[in-house]
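Below is one structure, written out as structure tokens; the observations come after it.
The values are calculated or read from the model by the stated rules, or taken from the named source; none is laboratory data. It should be emphasised that the depicted structure is a prediction, and the values quoted were computed from it without experimental measurement. Because the Cβ atoms are built from the backbone with ideal geometry, glycine has one as well, and the counts that use them run over all protein chains shown.
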Amino acid sequence: MASTDASGAIGDCISEESVLDVTYAEIQDFLNKVEMDHLPKLHVAILRNVTVESMLPYLRFLAYEIGFAADIRLGNYDNIVQESLGASEGILAQHTDCVLIFMKLENLSWGLARDLARLGSENAQHEARRIQETIAGILAGIRAQTNAMILWHGFELPLYPALGIWDSQIPAGQTGVITELNGFLRTALRSVANAYYVDLNLCLARVGGRAFYDERYWHIGRAPYSREALCEIASEDFKFIRSLKGKSKKCLVLDCDNVLWGGIVGEDGLSGIRLGRTYPGSAYWEFQQEVVNLYGRGVLIALCSRNNPEDVWEVFRAHPDMLLKEEHIAAAEINWDDKPTNLRKIALNLNIGLESLVFADDSDFEINLVRRAIPEVTALHLPKDKTVEYRNILASCGLFDALAVTAEDRARGALYQSEAQRRNLKAQTPDLESYLKSLEMVVEVRFAEQSTLPRIAQLTQKTNQFNLTTRRYSEADIQKYMETEDADVLSVRLVDRYGDSGIVGVCILKYAGQTATIDTLLLSCRVLGRGLEDAVVIQALKLAKQRGCEMVIGEYRPTAKNAQVKDFFPRQGFEPFSPFSGGPDGSYRYLVNRIPRKEPSYFTEIRSPIQE
Amino acid sequence: MMFDKKVFRIIGQVMNVPLEDVNEHSSPENLKRWDSLQHMNLILALEEEFEVRFTDEEIFLMGDASAILAALQSKGVDR
């Protein structure tokens, strides 16, 4: 299933024909020919005690697909410990984005992997402790060299345990010991920022045990995994990397007829469509459950359907088996316009980029039209003859995966609903200032804490539009700034009469002597247009003053997405501080003592630990 | 496409050389990138393309392009 999806993505890129026509040779051929010099680099290091070289074409391709040229450094065979301690030059570096670790049990402890029956439980425990110490040492060693994201592939459970059917009946069986080791590994990874457990047993289950291993190459070259397995593992790794690089999708746009229910509501009517707990409506019902699950993880759900709006909303309101409700829908374009036009409207309406959209439709025609007209949108085809697979197609795509699901994520759908209410109020109140006052906004500025760290890192990874410098930081990076004297990390939370938007802004200040530099200043796109930026800048200036600085440097680094903040610093009273006057390129400065700045008056309250 | 041309094409794609540089004498001796790891990638690509599965011994003995052609023919693949 999943391997089909990954090659599907490859298929989309090479040609728009059948997914299964794309072969391993064609991927390699594609990579030989494609021009990647203009792309930013994705620095990947692989530490391993087995041969995984055949995975590289998949990794390179998946990197290309999210806009990166992969620079992959492969550690020497069975040198994980040595290289974690810096033995090989050029494998791990401060600029490494991601470290993949393949530590297969067979080459770590033959006893636990293959000789358990003879080993006995006491020796097994001894071996397990030795491995735990090795894991802890490797993690510490890597962290001493780089803050890169660590993806550690856990130990696989044996297909045929050492003690046969007896193995699962006792705690010290092979399955039990390995499960415990994986538990230790998870805990160890959790205690290190930006380190994650990749569940190889999930990959194994999806591919199927017999197809996952290639015993021929295990014996010939200590390469345990089949081509199919490597494709699945690479796809799994890229769910993490996509999220790290801010390339996860934010919104699922759904067609209605033959996607949310079977049949055409405009023709078959409310009672004629197929949707319910039993076949054939159950396929759509279970698909809807998966959509609702995504909603709960913070994915925005939108509708894009050629229909009369009344017909569609009647199904939402009156059909007893609709799991998806009106309140889940952040935006809807139900009309007779073409889908590319409607998708553009949805993106505009939700204030997100087209590349954040995934469009799901049953029609080949619509899918191909969207792929041609808006290649930035990912089009997910739900084939009419595979309705029972709809749920799996959505669940296996991995496009929405996030490194952490925060409270803000879980509440996001509701926030967009209240955003719609706010827009209504705006329409009623002509004067901006009194409108902003009527929102009863409370701003809460705080220094970063352990509890807010995941959301802060996430915002730096995901925010594109109101982002002055677009510097992407991992949790480990933020942690580092929290611990040093030379930087401050502020989080900004917004509450108004419609609800708690959670943490929606981040500001990072770096200090050198009597100069503070605004390293990062960003706001989530859903709180723009409320003057929040004015309040945040004043907080930053005050903080710089409190830290004894005389000058604050603001920097604008242009990207394809952040043109709206091009003139932000001049608007805030900063003066150009270009190389002519001794500052860095594209920067502005503000002399802290020069102008007395007042808080904007339209906030009901600004809570902050920063003194006047 | 002719069966042998198809095999040569895959060898060219995996070893990153133009199709015209591949013939039945191509081997690790004369193609720079053809090492044991690329040999493995070549086998994986051939198996996928022709829907066959080689035994470990066959993999070991497929030392050049003509041996690969012969091994595929012995599996009934010749088109």
How many residues are away from every other protein chain (no Cβ under 12 Å), outside any helix (DSSP H, G or I) and buried (at least 16 other Cβ atoms within 10 Å of the Cβ) when one looks only at the range B:53-69? 1
Test result for A:Glu267, without any contact (Cβ under 8 Å) to a residue 24 or more places away in the chain, in the same structural domain as A:Lys339 (by TED's automatic domain parsing) and assigned to a helix (DSSP H, G or I): yes
Counting only strands (runs of 3 or more DSSP E) wholly inside the range A:464-566, the ones holding at least 3 residues that are touching a residue at least 60 places away in the same chain (Cβ under 8 Å) are A:499-512, A:515-523
Qualifying positions in the range A:548-574 - closer than 15 Å to A:Leu591 by Cβ and surrounded by 13 or more Cβ atoms within 10 Å (Cβ to Cβ): A:Cys549, A:Glu550, A:Met551, A:Val552, A:Ile553, A:Gly554, A:Phe569, A:Pro570, A:Gln572, A:Gly573, A:Phe574
Condition check for B:Val14: buried (at least 20 other Cβ atoms within 10 Å of the Cβ), more than 9 Å from chain A (Cβ to nearest Cβ) and assigned to a helix (DSSP H, G or I): no
Those residues of the range A:440-465 which are farther than 21 Å from A:Thr406 by Cα and buried (at least 22 other Cβ atoms within 10 Å of the Cβ) amount to A:Met441
Does the range A:205-253 hold any residues that are of a type in the set (Ser, Thr, Tyr) and either outside any helix (DSSP H, G or I) or within 12 Å of chain B (Cβ to nearest Cβ) (or both), and which are they? A:Tyr213, A:Tyr217, A:Tyr225, A:Ser226, A:Ser248
Which one of A:Leu151, A:Leu139 is crowded, with 20+ Cβ neighbours inside 10 Å and in a helix (DSSP H, G or I)? A:Leu139
So in the range A:154-176, with the set limited to residues that are part of a helix (DSSP H, G or I) and within 22 Å of A:Asp199 (Cβ to Cβ), which one is farthest from the chain's Cα centre (by Cα)? A:Asp167
Pick out the one residue from B:Leu31, B:Leu44, B:Leu19 that is within 13 Å of chain A (Cβ to nearest Cβ), free of Cβ contacts under 8 Å to residues at least 24 places away in the same chain and crowded, with 19+ Cβ neighbours inside 10 Å. B:Leu44
From (1) touching a Gly at 6+ places or on another chain (Cβ under 9 Å); (2) assigned by TED's automatic domain parsing to the domain that holds A:Gly298; (3) among the charged types (D, E, K, R), pick out the condition that doesn't hold for A:Glu236. (2)
Scan the range A:356-381 for residues that are of a type in the set (Val, Ile, Thr) and assigned to a helix (DSSP H, G or I) and report the count. 2
In the range A:110-123, the residues that are of a type outside the set (Asp, Glu) and either outside the structural domain of A:Gly173 (by TED's automatic domain parsing) or surrounded by fewer than 20 Cβ atoms within 10 Å (Cβ to Cβ) (or both): A:Trp110, A:Gly111, A:Ala113, A:Arg114, A:Ala117, A:Arg118, A:Gly120, A:Ser121, A:Asn123
